[in-house]
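Report on the following structure.
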Amino acid sequence: MPTALITGATAGIGAAFARRLAADGFDLVLLARDGDRLAESARDLHDRYAVRTEVVVADLATEEGLGTAEERVRDGVDLLVNNAGFGNKGTFLNVPLAEELTMLRVHCEAVLRLTHAGLPGMLDRGRGGIINVSSVAAFATRGTYGASKAWVVSFSQGVAADIAGKADDRVRVMALCPGFVHTEFHERAKMDVTGIPDFMWLDQDKLVDAALRDLRRGVQVSVPGAQYKAIVGLSRLVPRELAGKLSSRTGRKYD
């Protein structure tokens with residue numbers, strides 16, 4: 001059976017990917033910092049879907065954790081989902097510099113290094129896929145978070161272009177750009193999202209369905225949800241300065 005490695009696999013979008021891929025018959029490698037939650041998730045997925053589950057406890061904000069993750073990816077995976085990420089508790093000057101640098105390491109360096117670790121083997125085998133989870137914030141003005149997610153989009157498109165035509169196009173790299181999703185993300189960042197209307201929230205499972213469908217189709221940048229496709233399209237027509245003022249305020253109230 002094919003194997004998928006998912007970072008940030010214990011909650012939210014990562015957990016949704018794990019459920020869907022297990023249902024599709026993938027063996028799973030679940031990577032996150034919390035060993036107890038990982039073990040519980042692995043047991044549940046194994047019992048429910050009768051797939052093999054492997055646990056890798058690693059903190060992608062550390063050199064040791066990144067090295068552990070790279071080593072496991074190099075051992076061979078058919079699908080890599082770079083999902084680990086977080087939001088900081090405040091705007092740029094209200095967040096300690098060390099926390100901003102940690103964000104860049106998890107959102108950018110980890111994505112780069114794990115993609116670099118996984119691609120050669122996929123190309124040698126002539127099949128495989130990498131989904132780098134970005135955000136619609138990549139197309140907006142959202143401080144370090146948005147900037148890091150914009151990097152993920154640009155990086156993923158660049159790598160996809162670099163490998164185009166190799167392995168008969170059966171190795172694909174895609175940036176996934178979700179909008180608001182009910183996960184632990186906003187609670188951990190102490191963001192007040194009570195003002196976000198219901199129609200702006202995406203269902204985790206439908207989001208994953210859209211992502212995997214787009215990956216199969218060879219889409220390089222996946223934006224699930226008609227509402228977010230429209231927002232991203234309109235953002236390219238609105239003057240950049242005005243778009244920046246609007247996007248920097250939306251959903252950015254902190255408790």
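The values are calculated or read from the model by the stated rules, or taken from the named source; none is laboratory data. Predicted model only: the values in this text are computed from it and were never measured. In this analysis, Cβ positions are derived from the backbone assuming ideal geometry, glycine residues included, and neighbour counts consider all displayed protein chains. When the accessible area is computed, the model is the full protein with side chains, heavy atoms only, and any ligands, DNA or RNA have been set aside. Shrake-Rupley method; radii C 1.70, N 1.55, O 1.52, S 1.80 Å.
Structure values in brief
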| read-out | value |
| --- | --- |
| 3J(HN,Hα) from dihedral phi, the range 166-177, Karplus parametrisation 6.51/-1.76/1.60, rounded to Hz, x for glycine, proline | 8, 6, 6, 6, 9, 10, 10, 10, 9, 8, 9, 10 |
| Accessible area of Asp124 in the full protein assembly, 1.4 Å probe (Å², nearest 10) | 140 |
| For the range 69-123 and the range 194-236, distance of Cα centres in Å | 21 |
| Among Ala138, Ala230, Asn83 - extreme Cα towards positive end, dipole of the chain, charges at beta-carbon | Ala230 |
| Lys pairs, the chain - Cα-Cα below 19 angstrom, 8 or more residues apart or on other chains | 8 |
| Around Ala39: net Lys/Arg minus Asp/Glu count, Cβ-Cβ under 13 Å | -3 |
| Overall form of the range 1-150 per C-alpha gyration tensor (a/c, 1.5; a/b vs b/c) | prolate |
| Taking the chain and dividing mean pair separation by its residue count, relative contact order in percent (alpha carbons under 8 Å, at least six apart) | 18 |
| Crossing angle, helix 110-125 versus the chain [Cα axis fit, 0-90 degrees, rounded to tens] | 40 |
| Inverse mean reciprocal Cα-Cα distance (Kirkwood Rh) of the chain, Å | 18.5 |
| Amide H contacts of Val173 (H built 1.01 Å from N, under 5 Å, at least 5 apart or other chain) | Ile130 |
| Between 0 and 90°, nearest 10: helix 204-217 axis offset from the chain longest Cα axis | 70 |
| Cα gyration tensor shape for the range 47-121, rounded if a/c is under 1.5, else prolate or oblate | prolate |
| Environment charge of Ala164, counting only residues whose C-beta is closer than 14 Å and scoring Lys/Arg +1, Asp/Glu -1 | 0 |
| Surface accessible to a 1.4 Å probe, Ser41 within the full protein complex, Å² | 30 |
| Exposure of Asp203 as accessible area (Å², to 10), given a probe of 1.4 Å and all protein chains | 80 |
